[in-house]
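Let me begin by handing over the structure; questions about it come next.
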Amino acid sequence: MKFVIGIEASPLIDELTDFRSLLMSETKIKEIYERLFIFDSLIEAELAKEILNEGEIFEEWHNLIVFSDGQEGECFFDYGFITGSNQIYLFKDLLCAFSICSADEKMIEMANYQLDEHLIFKTITNEGEIYFTDRQNDELVERICQAYDIEVSFLDLDNLTKKR
């Protein structure tokens, strides 16, 4: 998983083309999605925020997780977006991430029927398959997995270590 920062500008940026030009010339923007400027570097994101604050058009700071592939759930677009370059971004602070450690394949399949309605995104990494749901659904995920005798491991997205 790769983490990036999105700096969101207010709609006024469309009228203040000088600030958009200044932002583009003074920072190293990875990608732009609508009014969201995406940065790999914390220093660049802070500079962009400073520039936008100068014009009173800074809207919000977003911590994002970026993927090149995966499977979107039904409510994906409430928690993320896909850019023109086919990069998939998720709003990290809204998410709970987990992986299934061990279980019978049939039980996993049955649990997935229930998990699917809460699933935001699913991807495969070097660590295996990772599921994303709303951060407030961690207890629900645990109960579903317990019902099917599935061992689940939650990930701390801030530290990328196992939380439980």
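The values are calculated or read from the model by the stated rules, or taken from the named source; none is laboratory data. In this text, all values refer to a predicted model and were calculated from it rather than measured experimentally. FYI the Cβ positions are ideal-geometry reconstructions off the backbone, even for glycines, and counts take in every protein chain you see. Please note that ligands, DNA and RNA were not included when accessible areas were found on the heavy atoms of the full protein model with its side chains. Shrake-Rupley method; radii C 1.70, N 1.55, O 1.52, S 1.80 Å.
Please pick out the residue among D134, D138, D116 that is at pLDDT 95 or above, among the acidic types (D, E) and open to solvent by less than 80 Å² (accessible area, probe 1.4 Å). Let's see the steps before the verdict.
Values: D138 fails: at pLDDT 95 or above; D116 fails: at pLDDT 95 or above.
Testing whether each residue is at pLDDT 95 or above, among the acidic types (D, E) and open to solvent by less than 80 Å² (accessible area, probe 1.4 Å) leaves just D134.
Restricting the search to segment 101-137, which residues are hydroxyl-bearing (S, T, Y) and part of a strand (DSSP E or B)? Can you show your working first?
To start, the set of residues in segment 101-137 that are hydroxyl-bearing (S, T, Y) comprises 102, 113, 123, 125, 131, 133.
Within segment 101-137, S102, T123, T125, Y131, T133 meet the criteria.
Still on this structure: Can you name the residue in segment 77-93 that is open to solvent by 70 Å² or more (accessible area, probe 1.4 Å) and either in a helix (DSSP H, G or I) or in the same structural domain as D40 (by the TED database) (or both) and is also farthest from E34 (Cα to Cα) among such residues? Show your work before the answer.
We begin by selecting, within segment 77-93, every residue open to solvent by 70 Å² or more (accessible area, probe 1.4 Å); these are 77-78, 84, 86, 93.
Those left that are additionally either in a helix (DSSP H, G or I) or in the same structural domain as D40 (by the TED database) (or both): 77-78, 93.
Values: F77: 14, D78: 15, D93: 20 Å.
So the residue we want is D93.
Any idea which of (1) over 21 Å from L157 (Cα atoms); (2) open to solvent by 70 Å² or more (accessible area, probe 1.4 Å) is the one K2 doesn't satisfy?
(1)
Could you grab the pairs with beta carbons closer than 7 Å, sequence gap of 6+ or different chains, first residue in segment 43-59 and in a helix (DSSP H, G or I), second one surrounded by fewer than 15 Cβ atoms within 10 Å (Cβ to Cβ)?
E44/K28; L47/E26; K49/W61; I51/E26
Right, something else. Report yes if F91 is at pLDDT 95 or above and under 18 Å from the mean Cα position of the chain (by Cα), otherwise no.
Values: at pLDDT 95 or above: yes; under 18 Å from the mean Cα position of the chain (by Cα): yes.
Yes; evaluated as a whole, the condition is true for this residue.
Identify, from the list I43, I38, the residue that is out of contact with any His (no Cβ under 8 Å at 6 or more places or on another chain), exposed (fewer than 15 other Cβ atoms within 10 Å of the Cβ) and modelled with pLDDT of 95 or more. It would help to see each step written out before you state the result.
Working: I38 fails: exposed (fewer than 15 other Cβ atoms within 10 Å of the Cβ).
Going through I43, I38 in turn, the sole match is I43.
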